[in-house]
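Shown next, in structure tokens, is the structure this report addresses.
Laboratory data are not the source of any read-out in this text; all were calculated from the coordinates shown. The shown structure was predicted, so the numbers you read here are calculated from the model rather than taken from an experiment. Glycine gets a Cβ as well: all are built from the backbone with ideal geometry, and neighbour counts include every protein chain shown.
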Amino acid sequence: MKTRRLTEDETKTAAGILRDGGLVAFPTETVYGLGADGLNPEAVMSIFAAKGRPSDNPLILHISDRRMLERIVAEIPPVAEELMQAFWPGPLTLVFRKSEAVPSEVSAGLATVAVRMPDHELALRLIRETGRPIAAPSANRSGRPSPTSADHVLQDLDDRIDAVLLGEPSEVGMESTIVDVSGDKPCLLRPGGLTLEEVRRIAPETTVAGSTGHGEAPRAPGMKYRHYAPDAEVVLLQGDLGQQLAFIDEAHRKGLHREPFALMACQEMIDVWTGKESGLEMTLFSLGSRHQDKTLGKNVYAYLREADQAGIRTVFVESFKEENMGRTIMNRLKKAAHAGKESL
Ligand code: AMP
Ligand code: MG
């Protein structure tokens, strides 16, 4: 099938395609999503086929207003009201007990459904004009880095989907934060564009999945599947800043990793590397100042894709402290770094 390129003025056309059961990729503030009518089981199934995504991995429903929410959830707990009040529209997905309206293809057979209201004008207009919740995972081939631009979507899905709505690059650049509000206490299933610290300002009792030590089954993405990985090997550096940089020199001297190399790090670390004049040529991907926490994640996926296009074989990445956006970035990079070692 030929993938249509639609401009920002063509959301009505995009909405028509969705209502007819087609697939449309669209921009959001987190990453680009691959949308289908969330109440149409066949349309939802075609998302899994286009992405090559395991169908036991549930999808997020994207909504534009409160009425849509009430249609798809069985109940709205008080803590959810508070979180929505504080952070919607925005990069926060909430997991509710689902209503009968939600097909099991969306929830992958679970009794719950994940819902988000994106903070993006074009996405909201598309959902409104479609008149239904839109099921949308990230618009990449399964396992690849998430797309943060329309170009990235076309790299992975050209001729596999009906259309892509051409928007600007995503502002946040990391997927949404997922908090399960269907149980006794809110529980963080996946860190994302909204930090755990921000969530806890509103809901201090929020727990973190997997931190209980009870070895629970994987409930959020990437806990189970290959994820976020470029073709290049991703190597997470360790130790203090000096040790992290020394390791790159050693890798070069001893041939520990394949060249050419790239380094993805905050600007402060890149400045130290540049000042060292080690004589090793390497592509430098700056994530910006470490003090600009909110935008640190914005270019991570774009750089991983750029590395592949430039023929880079090893991307060394700085280890961030696992707090605020650093927690989200490390969550993704650890998975990207381990991807090559898994059997999948
Ligand atoms: P993606 O849009 O590719 O980031 O994937 C959405 C992710 O949301 C899935 O991989 C799920 O793990 C998570 N998710 C969706 N629905 C649920 C649910 N009902 N319970 C827990 N996690 C969910
Ligand atoms: Mg994804």
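Taking 19 Å as the limit for the C-alpha separation, the pairs Lys298/Lys321; Lys98/Lys185; Lys298/Lys335; Lys298/Lys334; Lys2/Lys51; Lys12/Lys51 exceed it in the case of Lys12/Lys51.
Exposed loop sites here are trypsin sites (Lys or Arg not before Pro) assigned a DSSP state other than H, G, I, E or B and surrounded by at most 10 other beta carbons within 10 Å; excluding them, the longest clear run of the chain is 3-320. Here the calculated FRET efficiency for Glu323 and Asp158, from their Cβ-Cβ distance with R0 = 41 Å, stands at 0.60, rounded to the nearest 0.05. Here the gap between Arg128 and Glu250, fully extended at 0.36 nm per residue and compared with their Cα-Cα distance, gives a gain of 38.4 nm.
If you take the square roots of the eigenvalues of the alpha-carbon gyration tensor of segment 130-177 and sort them as a ≥ b ≥ c, do you get rounded (a/c under 1.5), prolate (a/b over b/c) or oblate? Please report the intermediate quantities before stating the final value.
Values: a/c = 1.33, a/b = 1.04, b/c = 1.28.
The shape class here is rounded.
Normalising by the residue count of the chain, find the relative contact order in percent from Cα pairs under 8 Å and 6+ residues apart. Value for the chain: 20 percent. Helical content alone sets the calculated 222 nm signal of the chain at -9500 deg cm²/dmol, taking -39,500 (n - 2.57) per DSSP H segment of four or more residues and averaging over every residue.
Taking a ≥ b ≥ c as the square roots of the eigenvalues of the alpha-carbon gyration tensor, the chain is classed prolate because a/c is 1.5 or more and a/b outweighs b/c.
Candidate cross-link partners of Lys276 among the lysines, defined by an alpha-carbon separation under 22 Å and a same-chain spacing of 8 or more, comprise Lys254.
How would you classify segment 229-288 from its alpha-carbon gyration tensor, with a ≥ b ≥ c the square roots of the eigenvalues: rounded for a/c under 1.5, else prolate if a/b is greater than b/c, otherwise oblate? Because its axes are fairly even, with a/c under 1.5, segment 229-288 counts as rounded.
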